[in-house]
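Take a look at the structure below.
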Amino acid sequence: MDCLFCKIIAGEIPSSKVYEDDKVYAFRDINPQAPVHVLVVPKEHIAGADSITAENSSAVAAVFEAIPKIADLEGLTNGYRVITNCGEDGCQSVRHLHFHLVGGKKLPESMA
Ligand code: 5GP
Ligand code: ZN
């Protein structure tokens with residue numbers, strides 16, 4: 001499968017790893033939008049939030065179990081934001097489900 005994030009998870013494309021466990025990989029976004037901008041992805045290929053099912057949702061749960069640990073590692077003691085873009089209107093550019101963990105500053109109130 002020709003998926004950028006599957007290649008990053010497999011180590012075929014280099015990345016700046018922040019966290020890894022058996023189900024989750026997290027790495028720094030190449031174009032950070034905040035002082036901390038980490039992409040948290042399930043190792044299982046799921047195209048996006050529109051492809052989450054009862055069969056694969058344990059991978060999503062694993063991502064959300066990892067997020068507080070990653071936030072601790074990154075020193076995000078005063079809060080953070082978790083974002084997933086989905087599909088065309090959501091401006092999703094990589095079709096492998098990923099959650100942007102952003103923080104390290106007071107973020108804008110606007111979300112859309
Ligand atoms: P999306 O727009 O799909 O929500 O987010 C994709 C994110 O992946 C973008 O924030 C973009 O900067 C990041 N990105 C794209 N290609 C690479 C890459 O090769 N390495 C890393 N670390 N991040 C990437
Ligand atoms: Zn993938």
Relative frequency of Cα-Cα separations exceeding 18 Å in the range 1-66, percent: 38
Under 5 Å, built H, 5+ apart or other chain: amide partners of Gln92: Cys86, Gly87
Estimated Rh, the chain: Kirkwood, alpha-carbon pairs, angstrom: 14.4
Share of carbon and sulfur in the accessible heavy-atom surface of the chain [1.4 Å probe, %]: 51
Largest-first ordering by accessible area, 1.4 Å probe, given options Glu20, Glu65: Glu65, Glu20
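Work out the length of the dipole vector of the chain about its Cα centre, built from +1 on the beta-carbon of each Lys and Arg and -1 on the beta-carbon of each Asp and Glu, and round it to the nearest 20 debye.
Values: 10 positive and 15 negative charges, 78 e Å.
The dipole magnitude comes to about 380 debye.
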Between helix 57-73 and the chain: long-axis angle, C-alpha atoms, 0 to 90°, nearest 10: 30
Residue-count net charge about Glu55 - beta-carbon cut-off 15 Å; Lys, Arg +1, Asp, Glu -1: -1
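Would you mind calculating the gained length between Val82 and Phe64 on full extension (0.36 nm times residue separation, minus the Cα-Cα distance), in nm to one decimal?
Working: separation 18, 0.36 × 18 = 6.48 nm, distance 0.96 nm.
That works out to 5.5 nm of additional length.
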Average accessible surface area per residue within the chain, 1.4 Å rolling probe, Å²: 60
Global form of the range 41-99, assessed from the alpha-carbon gyration tensor, a/c cut-off 1.5: oblate
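The values are calculated or read from the model by the stated rules, or taken from the named source; none is laboratory data. From a predicted model like this one, the values you see are computed outputs, not experimental measurements. When we count neighbours, we look across all protein chains shown, and the Cβ atoms used for this are built from the backbone with ideal geometry, even at glycine. These accessible areas exclude ligands, DNA and RNA; they are computed on the full protein's heavy atoms, side chains included. Shrake-Rupley method; radii C 1.70, N 1.55, O 1.52, S 1.80 Å.
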